[in-house]
Amino acid sequence: AQTVTQSQPEMSVQEAETVTLSCTYDTSENNYYLFWYKQPPSRQMILVIRQEAYKQQNATENRFSVNFQKAAKSFSLKISDSQLGDTAMYFCAFMTDWGAQKLVFGQGTRLTINP
Amino acid sequence: DVKVTQSSRYLVKRTGEKVFLECVQDMDHENMFWYRQDPGLGLRLIYFSYDVKMKEKGDIPEGYSVSREKKERFSLILESASTNQTSMYLCASSPGLTSYNEQFFGPGTRLTVL
């Protein structure tokens, strides 16, 4: 069974700083997908970024980028020039590339951006 | 925009009551999911469905059942609510066929069982 671990329950940075959220996972699969989801306070969960394991190039979406280290089974999220609106719970998630499209989530990291 | 709606944002029930949580999506998605979110545990999959009348157990199905009579609607049922089912419940949907499809989430239902 796959597991996802987020070892930072809470983080706090100043606005405009860069912050990195950590995620490690365990799987015996070779092909899979990884995701970062954001859950703002009292708002719906939304997808931030996704990575296909067979792609060596790290995914980027504007200020959000990942550092995907397949051998180390590590998938960190970097937020550059952080903004107050980035304050949220962030969840790392794993999905196999076969069978049912089930997501396995990490425990979450509560990120606070301070003015 | 994809829209996933859930019938209630907050719900308070008594132990032993039968509880229905409803989820509706408007994008003709094949897949629908019910998750439970607890602090320190993240989201855990309760049940999912990849077609009308089809259902599969997730990681924590005990104490829950589901119903999918129409493609757009997926219901989570607590046959006899217990205090340990107090939690946030999130519904999600996604298109079928490809694994890397984004799941779209509803706003969640915070259920308290007294």
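The values are calculated or read from the model by the stated rules, or taken from the named source; none is laboratory data. What you see is a predicted model, and the numbers here were worked out from it, not measured in a lab. Quick reminder, even Gly has a Cβ in these numbers, built from the backbone with ideal geometry, and neighbours come from all protein chains shown. In case anyone asks, the SASA skips ligands and DNA or RNA and just uses the protein heavy atoms, side chains included. Shrake-Rupley method; radii C 1.70, N 1.55, O 1.52, S 1.80 Å.
Applying the set (1) more than 23 Å from A:SER42 (Cα to Cα); (2) in a strand (DSSP E or B); (3) open to solvent by 30 Å² or more (accessible area, probe 1.4 Å); (4) not aromatic (Phe, Trp, Tyr) to B:LEU11 leaves exactly one unmet item: (1).
In the range A:1-32, which residues are within 14 Å of another protein chain (Cβ to nearest Cβ) and open to solvent by less than 20 Å² (accessible area, probe 1.4 Å)? Result: A:VAL4, A:GLN6, A:LEU21, A:CYS23, A:TYR25, A:THR27, A:TYR32. Taking the conditions (1) part of a loop (DSSP other than H, G, I, E, B); (2) free of Cβ contacts under 8 Å to residues at least 40 places away in the same chain; (3) more than 11 Å from chain B (Cβ to nearest Cβ) in turn, A:PRO41 satisfies each one other than (2).
Out of all the residues in the range B:28-46, which are outside any strand (DSSP E or B) and either surrounded by 15 or more Cβ atoms within 10 Å (Cβ to Cβ) or within 14 Å of another protein chain (Cβ to nearest Cβ) (or both)? Walk me through it before giving the result.
Our first condition is that a residue be outside any strand (DSSP E or B); within the range B:28-46, this holds for B:28-30, B:39-41.
Scanning the range B:28-46 gives B:HIS29, B:GLU30, B:PRO39, B:GLY40, B:LEU41.
Are any residues in the range A:66-82 under 12 Å from the mean Cα position of the chain (by Cα), of a type in the set (Gly, Ala, Ser) and surrounded by fewer than 17 Cβ atoms within 10 Å (Cβ to Cβ), and if so, which ones? Full working, then the answer.
So the first thing to find is which residues in the range A:66-82 are under 12 Å from the mean Cα position of the chain (by Cα), and the list is A:66-68, A:74-79.
Imposing the further condition that a residue be of a type in the set (Gly, Ala, Ser) reduces the set to A:74, A:76.
Residue satisfying the conditions is A:SER74 alone.
For residues that are among the hydrophobic types (A, V, I, L, M, F, W, C) and within 9 Å of chain B (Cβ to nearest Cβ), scanning just the range A:44-64, find the one that is surrounded by the fewest Cβ atoms within 10 Å (Cβ to Cβ). Out of the qualifying residues, it is A:ILE46. Quick one: in the range A:83-112, of everything that is part of a strand (DSSP E or B) and open to solvent by 10 Å² or more (accessible area, probe 1.4 Å), which residue is nearest to the other protein chains (Cβ to nearest Cβ)? Among residues in the range A:83-112 that are part of a strand (DSSP E or B) and open to solvent by 10 Å² or more (accessible area, probe 1.4 Å), the one nearest to the other protein chains (Cβ to nearest Cβ) is A:PHE105.
Could you look through the range B:47-75, keep only residues that are in a strand (DSSP E or B) and touching a residue at least 40 places away in the same chain (Cβ under 8 Å), and pick out the one that is farthest from A:GLN8 (Cα to Cα)? Working first, answer last.
Here is the first cut: in the range B:47-75, the residues in a strand (DSSP E or B) are B:47-49, B:56-57, B:65-70, B:73-75.
Next, only the ones that are touching a residue at least 40 places away in the same chain (Cβ under 8 Å) stay: B:73-75.
Working: B:ARG73: 36, B:PHE74: 33, B:SER75: 34 Å.
Per the criteria, the residue is B:ARG73.
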